Amino acid sequence: MADEVPGTLDPDEETVWRSLRVLTTLGLPALERTFKEYGLVQIEYGLLASLVESPQGVRLTDLAEAMNVSQSRLSHRMGKLLRRGLVEVRSCPGDGRVTIAVATDEGLALVEEITPRHARDLRSMIFDRLTEAQVGALAEALHEVAAGLCPRNGR
């Protein structure tokens with residue numbers, strides 16, 4: 001736009017930024033409450049869900065990269081999940097230097113219990129407010145943003 005001040009956001013960009021800020025400051029903590037009822041935080045649920053999606057297990061280094069967490073943070077969170085009996089950590093059969101994490105039956109059951117509620121919360125907070133076309137456009141746009149932030153993961 002010709003009236004814009006160089007270095008500032010245009011009105012649509014400003015709306016996007018303010019809306020994302022509301023989502024992260026109000027929406028994400030609301031979602032976090034669901035996980036807390038189960039004694040988890042969002043990152044732990046994400047770790048468990050990733051392991052449930054890969055029943056053969058996931059290398060810890062790959063899990064840290066996929067979740068965009070440091071090895072130290074992963075170790076801390078995995079320790080809590082291990083103590084609760086939700087995951088197991090084993091040596092890789094083909095390479096003893098590699099450590100694999102696997103969800104236990106208890107971990108699988110917990111994810112299966114939380115997931116429908118989490119999906120309802122997401123629908124109520126986000127998707128029920130949008131048309132199908134808006135969801136498609138949002139998916140495409142946020143995928144591009146995420147891919148720019150995490151190019152190794154393509155997300």
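The values are calculated or read from the model by the stated rules, or taken from the named source; none is laboratory data. Everything numeric here is computed off the predicted structure, so don't read it as measured data. Backbone-built Cβ (ideal geometry, glycine too); neighbour counts: all protein chains shown.
Quick notes on this structure:
Conditions (1) buried (at least 16 other Cβ atoms within 10 Å of the Cβ); (2) not in a helix (DSSP H, G or I), marked per residue:
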site	(1), (2)
Pro55	no, yes
Ala64	yes, no
Val69	yes, yes
Ser72	no, no
Gly79	no, no
Arg90	no, yes
Val98	no, yes
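- Val16 meets the conditions (1) crowded, with 16+ Cβ neighbours inside 10 Å; (2) hydrophobic (A, V, I, L, M, F, W, C); (3) within 23 Å of Met125 (Cα to Cα) in every case but one. The failed one is (1).
- Only a single item in (1) within 25 Å of Cys150 (Cβ to Cβ); (2) out of contact with any Ser or Thr (no Cβ under 7 Å at 6 or more places or on another chain) is not met by Val58, and it is number (2).
- Scanning segment 1-59 for residues that are out of contact with any Asp or Glu (no Cβ under 7 Å at 6 or more places or on another chain) and among the acidic types (Asp, Glu) yields Asp3, Asp12, Glu13, Glu14, Glu32, Glu37, Glu44, Glu53.
- Segment 113-140 - residue that is part of a helix (DSSP H, G or I) and touching a residue at least 24 places away in the same chain (Cβ under 8 Å) and, of those, nearest to Leu23 (Cα to Cα): Met125
- For the residues Leu48, Leu40, Leu28, the requirement of being surrounded by 13 or more Cβ atoms within 10 Å (Cβ to Cβ), hydrophobic (A, V, I, L, M, F, W, C) and in a helix (DSSP H, G or I) singles out Leu48.
- Inter-residue pairs, beta-carbon under 6 Å, first in contact (Cβ under 8 Å) with a residue 60 or more places away in the chain and in segment 22-36, second of a type in the set (A, V, I, L, M, F, W, C) and part of a helix (DSSP H, G or I), 6+ apart: Gly27/Met125
- Picking from residues in segment 11-66 that are basic (Lys, Arg) and under 23 Å from Lys80 (Cβ atoms), the one that is modelled with the highest pLDDT is Lys36.
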